[in-house]
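Reviewing the structure listed below.
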Amino acid sequence: MTCDEIILRAVEPEDLELLYRWENNIDYWLISNTIKPFSKYTLKKYIENSHKTIFETGQLRLMIDTKENKKTIGTIDLFDFDPFHQRAGVGILIADESSRRKGYASMALKCLIDYCFNTLQLHQLYCNILSSNCESMELFKKLGFIETGIKKDWIKTSNGYLDEHLFQLIKI
């Protein structure tokens with residue numbers, strides 16, 4: 001899918017090293033609810049099965065490439081896909097720090113929203129964002145997501161607990 005200055009594409013075998021680096025970056029574990037490293041074997045198996053549809057796996061990962069230089073800068077994910085209730089969770093990572101604050105996350109999310117509502121025919125999307133992640137909250141609000149709840153002391157960190165905010169975008 002091509003949108004503005006980015007391309008959302010399927011995961012390829014060539015992405016293994018990049019995913020291995022990103023999935024095992026401890027700085028991202030808090031936002032991805034991860035507590036242990038991923039092996040290359042596990043990621044290789046994931047990539048081998050990525051040809052399956054979201055209806056088979058309940059999830060979809062797309063790589064975010066810049067259109068200009070075809071550089072892979074991050075991922076955007078659908079998870080917790082529920083075809084009966086027509087909803088899914090959304091997560092996004094712009095892992096390439098030099099590509100942050102350039103509008104790529106907004107472009108990727110806008111493109112994914114269009115795909116979800118017009119192709120997958122979903123009724124709603126949701127995301128969970130830690131109270132410390134103000135940039136992410138602003139991104140989702142900018143694209144129409146509404147904060148509908150706060151889970152108090154939801155995520156344990158080495159410095160105590162963080163609240164987690166629930167945002168929803170409902171197709172009208």
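List of remarks:
- Lysines with Cα under 25 Å of LYS44, excluding same-chain neighbours fewer than 8 positions away: LYS36, LYS52, LYS70, LYS71
- Couplings for the range 75-92, taken from phi via the Karplus curve 6.51 cos²θ - 1.76 cosθ + 1.60 with θ = phi - 60°, read 9, 9, 10, 10, 9, 6, 5, 10, x, 5, 8, 6, 8, 7, x, 10, x, 9 Hz in order; Gly and Pro are left as x.
- Derived scalar couplings between HN and Hα for the range 108-114 equal 5, 5, 4, 5, 5, 4, 4 Hz in order, rounded to whole Hz, by the Karplus curve 6.51 cos²θ - 1.76 cosθ + 1.60 (θ = phi - 60°), x for Gly and Pro.
- Coupling constants for the range 58-67 follow from the phi torsions by the Karplus curve (6.51 cos²θ - 1.76 cosθ + 1.60, θ = phi - 60°), and in residue order they are x, 8, 8, 10, 10, 8, 9, 10, 7, 5 Hz; glycine and proline get x.
- The lysines within cross-link reach of LYS141, meaning a Cα-to-Cα straight distance under 19 Å and a gap of 8 or more places when in the same chain, are LYS102, LYS110, LYS151, LYS171.
- Globularity index of the range 73-114, i.e. its alpha-carbon radius of gyration over 2.2 N^0.38 Å: 1.32
- The share of C-alpha pairs in the range 2-170 whose separation exceeds 28 Å stands at 20 percent.
- C-alpha center-to-center spacing [the range 114-155, the range 50-96] in angstrom: 14
Computed from the coordinates by the stated procedures, all read-outs in this text should not be read as laboratory data. All values derive from a computational prediction rather than experimental measurement.
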